[in-house]
Amino acid sequence: MIARKTLRGLAAWLALAYTVGVVSPVEGYLKFGTRIGDRIVSLRWNRIPVRYVVGDLGVVGVSADQLQGAVDRAFRTWEALETSDIRFEFAGVTSAAAVQGDGVSTLGFTNRPDLDRVLGQTSFFIDTRSGEILEADIFFNSAFQWSVAPGGEPDRFDLESVALHEIGHLLGLGHSAIGETELRPEGGRRVLAAGAVMFPIAFTAGNISARELKPDDMAGASDLYPNGALRGRTGSMSGRVTKNGGAVFGAHVIAFNLQTAALVAGFSVESDGGFTVGSLDPGVYIVRVEPIDDASVESFFSDAARVDVDFLVSYYERLVIVPGGGGTDRLEVKVTGK
Amino acid sequence: MNGRLALVASWLIVCLAAGRSAQAQGAGAPAPARVEVSASFGVDGGTKFGDRDATLTANGAGRTADSFVLFHTSTQMRRAGVVSGRLAIALGRGLAVEGAMSLNRPSVVTTVQSDVERSGTTFMLDQRLSRYSFEGSVLLHLRALRFAGGRGLPFVDAGGAYLRDVDDGHALIESGRSFHAGAGVKYYFLARRDRFLKAAGLRVQGRMEMISRGFNPAGKARRRGGGAAGVFFGF
Ligand SMILES: [Zn+2]
């Protein structure tokens, strides 16, 4: 059986819920998973390189060639990760609109003024028996103003940055919660800062800093498509988040490497509050736990009602040492209610 | 540590008793024994690993990406007691080579402050390590500077060590190197030529050490001071 799943993508102003259906988060960087029997299996591509075609429509300020160039740069950025073996292959330009289910992964502009907060969107076809991604289509909403200028342009969204985020979804990555936002008086949230390209809310138009992957993005891609030779070099940490002895579901667990200053995060996604953060460089870490309160919970979890956001930011009482090729487990991070 | 302190205290008492007998013998300037063993208890100074901020990329319309501090950290290894055992072999002319094994149990503490969501709260996170040090040094006894009727004998030493750091969860086994240089004094309570036990006394020393690698969140070589006091026996 092949089922269609749709994820709504990067939002301009608000963290938008993406409809995940049976897709639910599994450990780590919120990879997408599908339930097979009583197991949750990560969605991933099995046929690599992933072939893609690019639409031949440009928009004001971005020609079709420039679209292809920006998309190509974003694919190369993901490919350049030495810890991940994901590869892509450009299979040509198409004038056909993306057709879900035709097996051709298409990226291009689509005019969707009705989606007034969605800059881009990724939708998948998956094999629900195996979790294999068979096709993923990405559209960039031409209702917005776009730019491919090397230094960015005021009031125009950077196409390469948004493509990098959407291609992260295409890989099977969900959203990262490493970011801080503030409520806007007129409603919605404004990003103050982000520590991952996969943060669900985009930087302000004109900003181009999301053209570079952050450690959390890299860890996510490396976890899904590990480079076999380098796998033994990284380690993991796992444990549970508790409040008054009970499990905390949906807590955001950030690992901070004291030597490299890298931030890599995961969520407590198991019923006992269990979490795992993997693909970590060996080293000494600080573990910080926070509620998901910088974007809507639906940006991260399909079963939002289970997510506990009523606790204060806390730190694990010890420094955590992550060995290469191994893991540190049974950390219990105790949080207290607000 | 209290148990170890008591042990050192009892060594000292034994030594002082031996010293009185040495005095009674009216020993003159002692010649260093061929083989000398010593045990000491000391303190290795703390090490600051420095400050590090957890930063995010700040949002802004411009091309420059400012950083946004999520929280601030400051990490140090605290001062800790160190127990050492040494074996020295005299080479003549006041020179000796010495091997040593030391163990100390420093705790590493990171202070987290200025968290964007808990700005008023300071968090202290720690981890205790066991550090094993296998050391080789060259000692030069400064005979010309002997004092107290020849009983006090200053020396300088320098050498290197191989370090093994193990955390309490045995998750981390890091190795490192260190180089040290220092100076000290031996005070002989007993010095005689015709017996199996040829010398006994107190030894006090201080040193500076440069450590590279090992448990080192800061990533660069760093310096620390230390001092130790103990007893020695010459054969
Ligand atoms: Zn997204």
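The values are calculated or read from the model by the stated rules, or taken from the named source; none is laboratory data. Because the structure is a prediction, the values reported are computed rather than measured. Every residue, glycine among them, receives a Cβ derived from its backbone with ideal geometry; neighbour counts consider all protein chains shown. What goes into the accessible areas is simple: the full protein's heavy atoms, side chains included, and nothing from ligands, DNA or RNA. Shrake-Rupley method; radii C 1.70, N 1.55, O 1.52, S 1.80 Å.
What to note about this one:
- Residues (more than 16 Å from the ligand (Cβ to nearest atom) and open to solvent by 20 Å² or more (accessible area, probe 1.4 Å)) located in the stretch A:117-126: A:125
- Residue match in the stretch B:67-86 (condition: modelled with pLDDT under 90 and out of contact with any Pro (no Cβ under 8 Å at 6 or more places or on another chain)): yes
- Selection within the stretch A:202-222 - outside any loop (DSSP other than H, G, I, E, B) and at the interface with another protein chain (Cβ under 9 Å from one of its Cβ atoms): A:209, A:210
- Per-region count, the stretch A:121-157, residues under 18 Å from the mean Cα position of the chain (by Cα) and within 14 Å of chain B (Cβ to nearest Cβ): 0
- Filter result for residue A:143 (farther than 29 Å from residue A:234 by Cβ, modelled with pLDDT of 95 or more and surrounded by fewer than 24 Cβ atoms within 10 Å (Cβ to Cβ)): no
- Of all the criteria given as (1) of a type outside the set (D, E, K, R); (2) surrounded by 15 or more Cβ atoms within 10 Å (Cβ to Cβ); (3) part of a strand (DSSP E or B), the one not satisfied by residue A:86 is (3).
- Only one entry of A:3, A:91, A:96 meets the criterion of being more than 16 Å from the ligand (Cβ to nearest atom), at pLDDT below 90 and in a strand (DSSP E or B), and that entry is A:3.
- Residues being farther than 30 Å from residue A:82 by Cβ, open to solvent by 30 Å² or more (accessible area, probe 1.4 Å) and within 14 Å of another protein chain (Cβ to nearest Cβ) - total across the stretch A:223-258: 0
- Test: residue in the stretch A:295-308 that is open to solvent by 10 Å² or more (accessible area, probe 1.4 Å), within 11 Å of another protein chain (Cβ to nearest Cβ) and away from the ligand (no atom under 16 Å from the Cβ): no
- In the stretch B:129-186, the residues that are of a type in the set (Lys, Arg) and either at pLDDT below 90 or within 16 Å of the chain's Cα centre (by Cα) (or both): B:131, B:164, B:177
- Residue within the stretch B:79-100 that is within 14 Å of another protein chain (Cβ to nearest Cβ), in a strand (DSSP E or B), aliphatic (A, V, I, L, M) and farther than 21 Å from residue B:33 by Cα present: no
- Residue within the stretch B:108-119 that is open to solvent by 50 Å² or more (accessible area, probe 1.4 Å), part of a strand (DSSP E or B) and of a type in the set (A, V, I, L, M, F, W, C) present: no
- Test: residue A:163 is within 16 Å of the ligand (Cβ to nearest atom), modelled with pLDDT of 90 or more and part of a helix (DSSP H, G or I): yes
- Among the candidates A:291, A:323, the residue that is surrounded by 19 or more Cβ atoms within 10 Å (Cβ to Cβ), within 12 Å of another protein chain (Cβ to nearest Cβ) and within 21 Å of the chain's Cα centre (by Cα) is uniquely A:291.
- Residue ranges of strands (runs of 3 or more DSSP E) in the stretch A:248-326 with at least 3 members under 30 Å from residue A:184 (Cβ atoms): A:252-257, A:263-267, A:283-290
- Complete set of residues in the stretch B:135-159 that are in contact with a Gly (Cβ under 8 Å, 6 or more places away or on another chain) and either under 14 Å from residue B:101 (Cβ atoms) or not in a strand (DSSP E or B) (or both): B:135, B:136, B:137, B:142, B:143, B:146, B:149, B:150, B:151, B:159
- The residue that is farthest from residue A:207 (Cα to Cα), among those in the stretch A:166-194 that are in a loop (DSSP other than H, G, I, E, B) and within 15 Å of the ligand (Cβ to nearest atom), is A:172.
- The combined condition, being out of contact with any strand residue (DSSP E or B) (no Cβ under 9 Å at 6 or more places or on another chain) and either of a type in the set (A, V, I, L, M, F, W, C) or surrounded by 23 or more Cβ atoms within 10 Å (Cβ to Cβ) (or both), is not fulfilled by residue A:264.
- Residues that are among the basic types (Lys, Arg) and touching a residue at least 60 places away in the same chain (Cβ under 8 Å) within the stretch A:108-152 comprise A:117, A:129, listed in sequence order.
- Remark: pairs (first residue in the stretch A:191-210, under 13 Å from residue A:294 (Cα atoms) and among the basic types (Lys, Arg); second residue open to solvent by 10 Å² or more (accessible area, probe 1.4 Å) and more than 12 Å from the ligand (Cβ to nearest atom); Cβ separation under 7 Å; 6+ apart in sequence or on different chains) are absent.
- Verdict on residue A:237 being touching a Gly at 6+ places or on another chain (Cβ under 8 Å) and either in a strand (DSSP E or B) or away from the ligand (no atom under 16 Å from the Cβ) (or both): yes
- Search result, residues across the stretch B:210-223 that are in a strand (DSSP E or B) and open to solvent by less than 10 Å² (accessible area, probe 1.4 Å): B:211
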